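Only the coordinates and a few stated rules stand behind these numbers; no lab work does. Given the structure is predicted, the values throughout are model-derived calculations rather than measurements. Cβ sites come from the backbone with ideal geometry, for glycine too, and all protein chains shown count toward neighbours.
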């Protein structure tokens, strides 16, 4: 079971890491990327990303 | 629509998007002063660009028409007729 839960998070609770503002894209680039935050840019490619 | 007008419109849309992104971020991070300053600067530039646009090309929203010389709210092009 622990190989699925390596850092021992409590089961059945959802976790979202707190975002910290570091930098941003300029407005025109951000509009094309869909976010101003580079760390949030993660286009869906349809593959299983669990091992990334 | 002329190139200059179109570029200004795109700039306004990009600034509007950036302001909305900061809006969403600041709702969950109200104490982030640096993000608040960047939000405020974005909004200030957005207001300037909107003012420049309405003065030269016409209203962006219907309320802008009150400061136009005549009722040009219905003038071409309509939003879906603009070719980006």
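When all alpha carbon pairs of the protein assembly as shown are counted in 10 Å bins from zero, the resulting P(r) reads 10, 29, 26, 19, 9, 6, 2, 0 %. The slack between residue A:19 and residue A:44, meaning 0.36 nm per residue of separation minus the straight C-alpha distance, is 7.0 nm.
By the helix-only formula, in which each DSSP H run with n ≥ 4 contributes -39500 (n - 2.57) and the sum is divided by residues, chain B has a 222 nm mean residue ellipticity of -21500 deg cm²/dmol.
Taking other C-beta atoms within 10 Å as the exposure proxy, B:10, A:29 rank A:29, B:10 from fewest upward. With the convex hull drawn over the C-alpha atoms of segment B:3-81, the volume per residue is 104 Å³. Packing around the peptides A:40-48, B:26-34, B:70-78, taken as the average count of other Cβ atoms within 10 Å per residue, puts them in this order, highest first: B:26-34, B:70-78, A:40-48.
Using a 10 Å cut-off around each Cβ of peptide B:16-29, what is the average number of partner chain Cβ atoms that fall inside?
Values: counts 2, 8, 8, 2, 1, 10, 4, 0, 2, 6, 1, 0, 3, 4.
Partner-chain Cβ atoms within 10 Å, mean over residues of B:16-29: 4.
Put in order of Cβ neighbour count within 10 Å, fewest first, the listed residues B:54, B:20, B:42 become B:20, B:54, B:42.
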